[in-house]
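Working notes for the structure below.
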């Protein structure tokens, strides 16, 4: 970027309020009133320790409207921040990294443009949610499954793909199972990636491969354009399905479990992404932090170990709970069960339970009956959660996966389990580590010490992101309405990121607070992304401060 253009961009930011008002007036002249109508208060809420205030919000309904908004924003020197549904829990929510951005809310672009049963894919806009796509497949009785993530049924599919989210099934690596992006560039031009760049290309929805560099990855975890549609690959409904739940009754047994599961992933026996939840992570799905018994100043398991032991017994929570699924023909699933049982035999204190998809409705009925039987009511909740997980593993996203987000929240949760309504604070740090016992032990020791030093419960989920690697999703849960807890949470986050990176465990995604701490750790990498940003978006129109370092 030349000095004249840079000075012009800086000057436009200095006059941001005036520029934003000018942009609002220009958009009002060209766009329908409903695109401009709405409030901004809800976009100032966050589960992070701090939040930002947008200049205003726009709700486009078409790609053409997005192009119009971006062109005018660039001319006025006003930054915009696109969101799909704003459910990026623990990593940034709907908040822009800085004040004064225009929020580009794409949730009204919610059309499922195509579902191809023969080739197993769907073409979706950014406002299409997990729940919406699942219900469409169910309503039309299509023999296809989508892979779900734990952000709830209202989370955007496109948004999660662009964050490179990880589900639980064979298609758990969501970005690996997507292609064909339609992207509005910072100058308003339209780009179609892969074979979509060629008019009439018949395989454009089926592969990332195309002549030249693959550009799809450039638009994930970046701010080089606004994605207005993409192709999302679906899984043919298998002949047989079985969920499995592995309970570990000793904390250190997680290391043996990792060693036992890795060969099964490498050999292809396990094709799903197994997720293992720590005891305190599971406990958060059943209850809240007992502020009436503890101060909140210290990690509960350190300050009140007997109380924690009692709570774990009450809800029958093991040291670790691992969840996964088996798919294929009946013969394949039966054989995989036997192989899994044999592999788990050497794992200390482990037991495994298999639940078929057909059993889920019976679990639901049993749970409801037990809930009405007074003394046995507490047995109904675990059954309900098992049932929810079994359906979740078949693509039905559930609000049940969000209940743990309220661990330190003070207010009653709404029916959609939105953590913003309970005063819940969340910062997630998600380092990648080799799938070995040694690395699991080392990363956990670093994290547990940091959590406890700052007075937070150690809550983590170990997820298989590939045949060879794990992601440890470490959840710093705090009461956002407490200034003290919020400040401690941010200090815990900063020290945790630094300690993990120093040990070689780098987060693969994160809140802007996380990514900012990574920029100096890989200077050549981030300098190149800055050069790309300067070339594509010299005005820094799209999402300044999100992933790519800001200028200066």
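What follows is calculated from the coordinates using simple rules that are stated; it is not laboratory data. Every value quoted in this text rests on a predicted model; they were computed, and no experiment measured them. With ideal geometry, Cβ positions are generated from the backbone for all residues, glycine too; neighbour counts draw on all protein chains shown.
At a glance:
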quantity: FRET efficiency, residue 251 to residue 202 (Cβ-Cβ, R0 56 Å, nearest 0.05); calculated: 0.60
quantity: Relative packing of 90-100, 522-532, which averages over residues the other C-beta atoms within 10 Å, highest first; calculated: 90-100, 522-532
quantity: All-pairs Cα distance distribution in the range 32-77, expressed in whole percent, bin size 10 Å; calculated: 23, 43, 29, 5
quantity: Alpha-carbon centroids, the range 266-291 and the range 330-349: separation in whole Å; calculated: 20 Å
quantity: Additional length obtainable on full extension of the chain from residue 53 to residue 524, 0.36 nm per residue less Cα span; calculated: 166.3 nm
quantity: Taking the C-alpha atoms of the range 231-346, convex hull volume expressed per residue in Å³; calculated: 155 Å³
quantity: Cα gyration tensor category, rounded, prolate or oblate, for the range 122-181 with a/c compared to 1.5; calculated: rounded
quantity: Rounded tilt (10° steps) of 330-344 against the dominant C-alpha axis of the chain; calculated: 70 degrees
quantity: Candidate values [x] 44; [y] 16; [z] 22, label of the one derived for percent of Cα pairs over 44 Å apart; calculated: [y]
quantity: Euclidean distance of C-alpha centroids, the range 452-517 and the range 83-132, integer Å; calculated: 25 Å
quantity: Cβ-based exposure ranking for 304, 72, 249, 493, in which fewest neighbours within 10 Å come first; calculated: 249, 304, 72, 493
quantity: Among 285-294, 40-49, 119-128, the order from most to least packed when residues are scored by Cβ within 10 Å on average; calculated: 119-128, 40-49, 285-294
quantity: Cα gyration tensor category, rounded, prolate or oblate, for the range 3-108 with a/c compared to 1.5; calculated: oblate
quantity: Rounded to 5, the percent of DSSP beta bridges in the chain classed as antiparallel; calculated: 90 percent
quantity: Ordering of 276-283, 405-412, 250-257 by burial proxy (mean other Cβ atoms within 10 Å per residue, highest first); calculated: 276-283, 405-412, 250-257
quantity: Angle between the chain longest axis and helix 483-502 axis [Cα atoms, degrees, rounded to 10]; calculated: 90 degrees
quantity: Separation of alpha-carbon centers, the range 198-256 and the range 45-65, rounded to whole Å; calculated: 26 Å
quantity: Rounded tilt (10° steps) of 253-267 against the dominant C-alpha axis of the chain; calculated: 70 degrees
quantity: Helical mean residue ellipticity (222 nm; -39500 (n - 2.57) per DSSP H run of 4+; nearest 500) of the chain; calculated: -11000 deg cm²/dmol
